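See structure below.
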Amino acid sequence: MNILQKKDIYSVVKISDTKLQKSLTTFDLTMLGIGAIIGTGIFVLTGTGALKAGPGLMFAFILAALACLFAALCYAEFASMVPIAGSAYTYTTIGEIFAFIIGWDLALEYMLGVSTVSVGWSGYFQSFLAGFGIHIPAKLTAAPGLMTTGHVEGVFNLPAFLIVMLITFLIAMGIKETKRVNNIMVIVKIAVVVLFICVAIFYVKPDNLAPVLPYGFSGVFTAAATVFFAFIGFDAVSSSTEETINPAKTMPKGIIISLAICTVLYVIVSLIMTGVVPFKMFSHYEDHPVSAVLKYSGQNWISGIIDIGAILGMTTVMLVMLYGQTRVTYAMSKDGLMPGIFSKVSSKTDTPFISTWIFGLISALLGGFVSIETLSEMVNIGTLSAFILVAIAIIVLRKKSPDLERKFKCPAVPIIPIAAVIFCLFLILNLNPVTWVRFGIWLFIGLVVYFTYSQKRSTIKNKTS
């Protein structure tokens, strides 16, 4: 039993029997990246982060962005030379078991990420409907055991369930339809964020920004581990490599440009927010901090527009994450590590139709029955672990396959990959220890699946045996 067996990277690059349709450009990839990143992070977690770091929240975003940037450069190099679906799972060059683990981690990131965002989306959507005097029955607005705003115990979060089902239908219909809708929503939500900046900046009071670090750097570090969720999703762009036109050039550009745009917007928005509203007051506005800033400033009508932007923003995040989930599983299934049904492509839609509906339904049910706190605790650690393995894989591949064509090279190897590992480990250490235990349980389940199913059916094993 050789758990360190791996595919020949040269064969992977040369041979691609994809049935997926190539239609994505650099613009489309940038929109996918922004669509995945700008959402819950900027519309929800900015309030939580402000309570932990005060005006220093902008430094927390920069710290989290650096960890993502180092990892993004590693992703970009792999995407330029391995134009195969599957994101970080496909890139792992240090053995099949590590490839499986990274795919298992990505499943945690994408699937629970969709569920987490759907719960946040539900809250904004209910607030939007309330503005028109429309109220969903309280029991259908929260997970079981949670109290609603009307002090009624929830039974099922219906809006969270329905939005994931709608997104699942859209992705199942095909990538062309998906990218058109995503591009439109991304443009709208960027415009909404820019509108917030242009209006709120005139209400900034310098006194609110002092002291910049009310809880010192420890507050910044804790906030960074929390708001890291705000950047989750850029890696989902690399899962669409097989459907990208000229991926060697367009993929690195799409990843890096989308990450850069989102980082700039995060820093500006967090600075303005804490400059308008004293950071301790965000304890009252944690579920809708951005729109609350404008209400605090007396700009209620613009606050309503921000609510719409938040709804669209979270919709695109769910769209890209669910899309990434199905493509990672598609790649794992083709390698025999997951059942063949997950790589079955519909002849009508050119998409992994059945897989899309399976993961869409699971994510929708989790959003309907589980609280956002329980869901979000697990997402960050799964993503950070995947980033660490990708960074290590870059170093290994540079040594083992130095002659492989790289149309984009991660600069300063091994310094940048090592920096990615250090930053990601640092953020993991700042997470709640309970999260480590839960992640350990998830990893144990994955190893059971690997040794009882995947390792025996691996296509690599069958070719080499």
Inset, instruction - Report, by residue number, each residue of the range 257-296 that is in contact with a Cys (Cβ under 9 Å, 6 or more places away or on another chain) and within 18 Å of A210 (Cβ to Cβ). - result: none
Inset, instruction - Within the range 343-394, count every residue that is among the aromatic types (F, W, Y) and under 20 Å from G446 (Cα atoms). - result: 2
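For every residue, the table says whether it meets (1) over 27 Å from the mean Cα position of the chain (by Cα); (2) under 26 Å from Q299 (Cβ atoms); (3) without any contact (Cβ under 8 Å) to a residue 60 or more places away in the chain; (4) in a loop (DSSP other than H, G, I, E, B).
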{"position": "I171", "(1), (2), (3), (4)": "no, no, no, no"}
{"position": "V192", "(1), (2), (3), (4)": "no, yes, no, no"}
{"position": "V199", "(1), (2), (3), (4)": "yes, yes, no, no"}
{"position": "F202", "(1), (2), (3), (4)": "yes, yes, yes, no"}
{"position": "N208", "(1), (2), (3), (4)": "yes, yes, no, no"}
{"position": "T222", "(1), (2), (3), (4)": "no, no, no, no"}
Inset, instruction - Being among the β-branched types (V, I, T) and under 15 Å from F439 (Cα atoms) is the filter here, so list the residues in the range 411-429 that pass it. - result: I428
Legend entry - Scope the range 327-367; condition among the β-branched types (V, I, T), within 27 Å of E377 (Cα to Cα) and buried (at least 23 other Cβ atoms within 10 Å of the Cβ); matching residues: V328, T329, T356
Legend entry - Residue check, N246 without any contact (Cβ under 8 Å) to a residue 12 or more places away in the chain, surrounded by fewer than 24 Cβ atoms within 10 Å (Cβ to Cβ), out of contact with any strand residue (DSSP E or B) (no Cβ under 6 Å at 6 or more places or on another chain) and closer than 21 Å to A72 by Cα: yes
Inset, instruction - From A50, A36, A76, grab the single residue that is in contact with a Leu (Cβ under 6 Å, 6 or more places away or on another chain) and of a type in the set (A, V, I, L, M, F, W, C). - result: A50
Legend entry - Hits in the range 249-275 (condition: buried (at least 21 other Cβ atoms within 10 Å of the Cβ), over 20 Å from the mean Cα position of the chain (by Cα) and among the aliphatic types (A, V, I, L, M)): I272, M273
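The numbers here are math on the coordinates, done by the rules we state, and not lab data. Note that this is a predicted model, so its numbers are computed, not measured. Cβ sites come from the backbone with ideal geometry, for glycine too, and all protein chains shown count toward neighbours.
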